[in-house]
Amino acid sequence: MATPTRISASEITEKVSHLCMDANFNLNEDVLDALRDSYEEEGSPVAKEVFAELLENAKIARECQMPMCQDTGVAVVFVEIGENIEIVGGRLYDAINEGVREGYKKGFLRKSMVKDPLNRINTGDNTPAIIHTEFTSENYLKITFMAKGGGCENMSRLAMLTPADGKAGVINFVVETVKIARANPCPPIIVGVGIGGTFDYAALLAKKSLLRPLGTKHADPDTADLEKEMLERINNSGIGAQGLGGWITAMAVHVERYPCHIASLPVAVNIECHAHRVKTVVLGNFQ
């Protein structure tokens, strides 16, 4: 048996703390490129001005190291952990939550989590994080942090379609979801779509699809064509940037598919706002 690669809980906490601030202060280059491309392609003068302001806002946030949006989001964390990785000095989930706690305090980020969905008492530190974990044969610990705002998350939907609804039914549901949302998720948006699996797994697929870099095509040609068709339909809606009308409502549609029951066709849509805040760190032995 190979010697375990040990990673300290304190290092995980430190890295997650940094991710929380980095994500809220600095948009990734793929998002900035998508905003720049949208600015160039947009035909509406009003929408074009919106894109200019979004780019300026991102620039100010980066230069001043301050949040680009007042909604600094719920902490959604995706973890890939190698089978030979050993966490020492604490538990993985505890270390992640402590990192969120520290990062939101150090960065003066808004704390948005409540202890109970009905009693609505704020936890005061933006924990607990929403954590999804997968095991991998690789010898590393990969942590991806997403700050998910409430405005876009609230516009997400899930439907249990029938197999008879088919491809057309899936596309119609996705486009309908965006039309219902209109300006609420702060377009231009990114649309994550999960097709297949089960009621719960389709939703996870939709959110996970948002982690793919903007501007990249799906590896499966059929899925890539589906994404293209959905994007064209959404952008023909005329909703536009910030709902003020225009050519570009969504910068990308990302689709993930998974096998499902013969009687089912689950479809989930997880909408992301223009402030697409995702950061990743990888720890471990890469030799």
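The values are calculated or read from the model by the stated rules, or taken from the named source; none is laboratory data. What you see is a predicted model, and the numbers here were worked out from it, not measured in a lab. Here the Cβ positions follow ideal geometry from the backbone for every residue, glycine too, while neighbour counts run over all protein chains shown.
Summary table below
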item	result
Extreme residue, surrounded by the most Cβ atoms within 10 Å (Cβ to Cβ), among residues of the stretch 268-286 that are assigned to a strand (DSSP E or B) and over 11 Å from the mean Cα position of the chain (by Cα)	ALA268
Residue check, ALA202 in contact with a strand residue (DSSP E or B) (Cβ under 6 Å, 6 or more places away or on another chain) and surrounded by 21 or more Cβ atoms within 10 Å (Cβ to Cβ)	yes
Matching entry among ALA250, ALA224, ALA219 (being of a type in the set (Gly, Ala, Ser) and in contact (Cβ under 8 Å) with a residue 40 or more places away in the chain)	ALA250
Qualifying residues in the stretch 143-183 (those that are in contact with a Cys (Cβ under 7 Å, 6 or more places away or on another chain) and small (Gly, Ala, Ser)) - the one surrounded by the most Cβ atoms within 10 Å (Cβ to Cβ)	GLY149
Within the stretch 217-232, considering residues that are touching a strand residue (DSSP E or B) at 6+ places or on another chain (Cβ under 9 Å) and either modelled with pLDDT under 95 or not acidic (Asp, Glu) (or both), the one nearest to PHE173 (Cα to Cα)	MET230
Residues satisfying the stated conditions in the stretch 235-255, i.e. assigned to a helix (DSSP H, G or I) and surrounded by fewer than 24 Cβ atoms within 10 Å (Cβ to Cβ)	ASN235, GLN242, GLY243
Residue in the stretch 48-58 that is within 17 Å of CYS186 (Cα to Cα), among the basic types (Lys, Arg) and at pLDDT 95 or above present	yes
Residue match in the stretch 87-98 (condition: basic (Lys, Arg) and farther than 29 Å from VAL191 by Cα)	yes
Residues of the stretch 14-35 that turn out to be in contact with a helix residue (DSSP H, G or I) (Cβ under 7 Å, 6 or more places away or on another chain) and closer than 24 Å to TRP247 by Cβ, as a count	3
Identity of the residue in the stretch 128-141, of a type outside the set (S, T, N, Q) and out of contact with any Leu (no Cβ under 8 Å at 6 or more places or on another chain), that ends up surrounded by the most Cβ atoms within 10 Å (Cβ to Cβ)	ALA129
